[in-house]
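Here is the structure we will look at.
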Amino acid sequence: MKNSAGLSLMILGAILCGCGGASDAPQMAEVEGTVTWQGKPLTNAGVAFTPTSGPVAIGQTDATGHFSLSTQGRPGAAIGVHQVTIQAFEPLPAGTVIDSDNPPKLISRIPAKYGELANSGLGADVTADAAENKIDFDLK
């Protein structure tokens with residue numbers, strides 16, 4: 001549960017960080033890639049790129065494990081070094097009621113460490129050259 005709260009906080013932070021004007025916006029570049037788990041595409045996974053400073057870029061994998069990132073509604077991620085987290089949870093059973101006082105237990109489909117900023121061991125360097133920003137993650 002701590003992991004889903006962490007991702008929720010990262011997403012909320014990404015949304016709230018954009019209060020400045022256009023001159024405050026970091027230089028951005030488009031980023032895409034693929035996430036695999038044990039050699040197979042990881043579907044419906046949340047991907048977050050957290051830069052040293054600036055807003056978090058987020059994306060979600062599709063049926064082929066492909067993702068593309070956006071930051072505060074703009075395509076791409078800030079240029080620079082990022083820590084990366086990836087989370088993928090089992091779907092909630094049909095009819096599950098979401099109650100903030102008693103949230104349902106989420107079951108991760110991959111090791112929880114990949115969703116922890118301090119422990120994921122995943123990183124990426126986003127460059128101004130979008131051709132270099134195809135970043136794949138093969139999780140084991």
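Structural remarks
- When residues of segment 37-76 are limited to those that are among the β-branched types (V, I, T) and farther than 23 Å from D138 by Cβ, the one nearest to the chain's Cα centre (by Cα): T71
Residue-wise test of (1) loosely packed, with under 12 Cβ neighbours inside 10 Å; (2) in contact with a strand residue (DSSP E or B) (Cβ under 6 Å, 6 or more places away or on another chain); (3) not in a strand (DSSP E or B).
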residue: Q83; (1), (2), (3): no, yes, no
residue: I86; (1), (2), (3): no, yes, no
residue: L92; (1), (2), (3): no, no, yes
residue: V97; (1), (2), (3): yes, no, yes
residue: K113; (1), (2), (3): no, no, yes
residue: A118; (1), (2), (3): yes, no, yes
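- Taken over segment 27-45, the residue count meeting the criterion of being free of Cβ contacts under 8 Å to residues at least 60 places away in the same chain and closer than 21 Å to I110 by Cα is 4.
- Residue pairs whose Cβ atoms lie under 7 Å apart, separated by 6 or more positions or on different chains, with the first residue in segment 58-75 and in contact (Cβ under 8 Å) with a residue 24 or more places away in the chain and in a loop (DSSP other than H, G, I, E, B) and the second among the aromatic types (F, W, Y) and buried (at least 20 other Cβ atoms within 10 Å of the Cβ), are T61/F67; L69/F49.
- Only one of the numbered conditions (1) buried (at least 20 other Cβ atoms within 10 Å of the Cβ); (2) free of Cβ contacts under 8 Å to residues at least 60 places away in the same chain is not met by N133, and that is (2).
- So P104, is it touching a Leu at 6+ places or on another chain (Cβ under 7 Å), without any contact (Cβ under 8 Å) to a residue 24 or more places away in the chain and more than 24 Å from T64 (Cβ to Cβ): yes
- Count of residues meeting criterion [in contact (Cβ under 8 Å) with a residue 60 or more places away in the chain and in contact with a helix residue (DSSP H, G or I) (Cβ under 6 Å, 6 or more places away or on another chain)] in segment 76-95: 2
- Test set (1) surrounded by 11 or more Cβ atoms within 10 Å (Cβ to Cβ); (2) without any contact (Cβ under 8 Å) to a residue 12 or more places away in the chain - G123 fails condition number: (2)
- Just so you know, in segment 30-45 the residues that are part of a strand (DSSP E or B) and not charged (D, E, K, R) include one that is surrounded by the most Cβ atoms within 10 Å (Cβ to Cβ), and it is V35.
No value in this document is a laboratory result; all are computed from the given coordinates. None of these values were measured; they are calculated from a predicted model. All Cβ positions, glycine included, derive from the backbone under ideal geometry; neighbour counts span all protein chains shown.
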